[in-house]
Amino acid sequence: MNRRKIGSEYENAVAKALENRGYRVIERNFRCRIGEIDLIALYDRYLVFVEVKYRKDEKKGWPQEAVDRHKQQVISRVADYYMFHHPEYHNYQIRFDVAAVLGTKWKLYEHAFEYQGGKRWN
């Protein structure tokens, strides 16, 4: 099975688990010219941008470590783009989470990082 298919399966599993926790997933694999965000969900008063990272084991490092500063900056800029094109969510606070999948177990890191972009949409 190729890496994209494996990633897609884990993104779907995480989306389902988040929905079971009360999140409402509104976008999957949102792409624009800047980059991509795996999941976008509403939860309470938050618009949550979720990066899903999978590792079969820890030999190549922990999945959450793969969301480095550069990846955080890309996700933040994609979030800006999304917010610019979806003013209906301007009243929500934004949050950046990481869903780290290691083997068959996963953990959600809420507020995994702060906004890393240059400017905000409002």
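The values are calculated or read from the model by the stated rules, or taken from the named source; none is laboratory data. Only a predicted model underlies this, so the values are computations on that prediction, with no experimental measurement involved. Cβ: placed from backbone, ideal geometry, glycine included. Neighbour counts: every protein chain shown. Surface areas here come from the heavy atoms of the whole protein model, side chains and all, with no ligands, DNA or RNA. Shrake-Rupley method; radii C 1.70, N 1.55, O 1.52, S 1.80 Å.
May I ask you to verify whether Gly103 is farther than 21 Å from Asn12 by Cα, at pLDDT below 95 and of a type in the set (Gly, Ala, Ser)? It is false that Gly103 is farther than 21 Å from Asn12 by Cα, at pLDDT below 95 and of a type in the set (Gly, Ala, Ser). A residue that is modelled with pLDDT of 95 or more, within 19 Å of Glu110 (Cα to Cα) and part of a helix (DSSP H, G or I) occurs somewhere in the range 19-33. For the range 23-47, the set of residues classified as crowded, with 19+ Cβ neighbours inside 10 Å and acidic (Asp, Glu) consists of Asp38 only. Taking every residue in the range 1-18 that is at pLDDT 80 or above and pairing it with any residue that is open to solvent by less than 50 Å² (accessible area, probe 1.4 Å) and among the small types (Gly, Ala, Ser), at least 6 positions away or on another chain, the pairs with Cβ-Cβ distances below 7 Å are Val14/Ala99; Leu18/Ala41. Count of the range 48-70 residues, restricted to those that are open to solvent by less than 80 Å² (accessible area, probe 1.4 Å) and not in a loop (DSSP other than H, G, I, E, B), is 11.
In the list Gln73, Gln116, which residue meets the criterion of being part of a loop (DSSP other than H, G, I, E, B), surrounded by 15 or more Cβ atoms within 10 Å (Cβ to Cβ), touching a residue at least 12 places away in the same chain (Cβ under 8 Å) and over 12 Å from the mean Cα position of the chain (by Cα)? Full working, then the answer.
Details: Gln73 fails: part of a loop (DSSP other than H, G, I, E, B).
Of the residues listed, the single one that is part of a loop (DSSP other than H, G, I, E, B), surrounded by 15 or more Cβ atoms within 10 Å (Cβ to Cβ), touching a residue at least 12 places away in the same chain (Cβ under 8 Å) and over 12 Å from the mean Cα position of the chain (by Cα) is Gln116.
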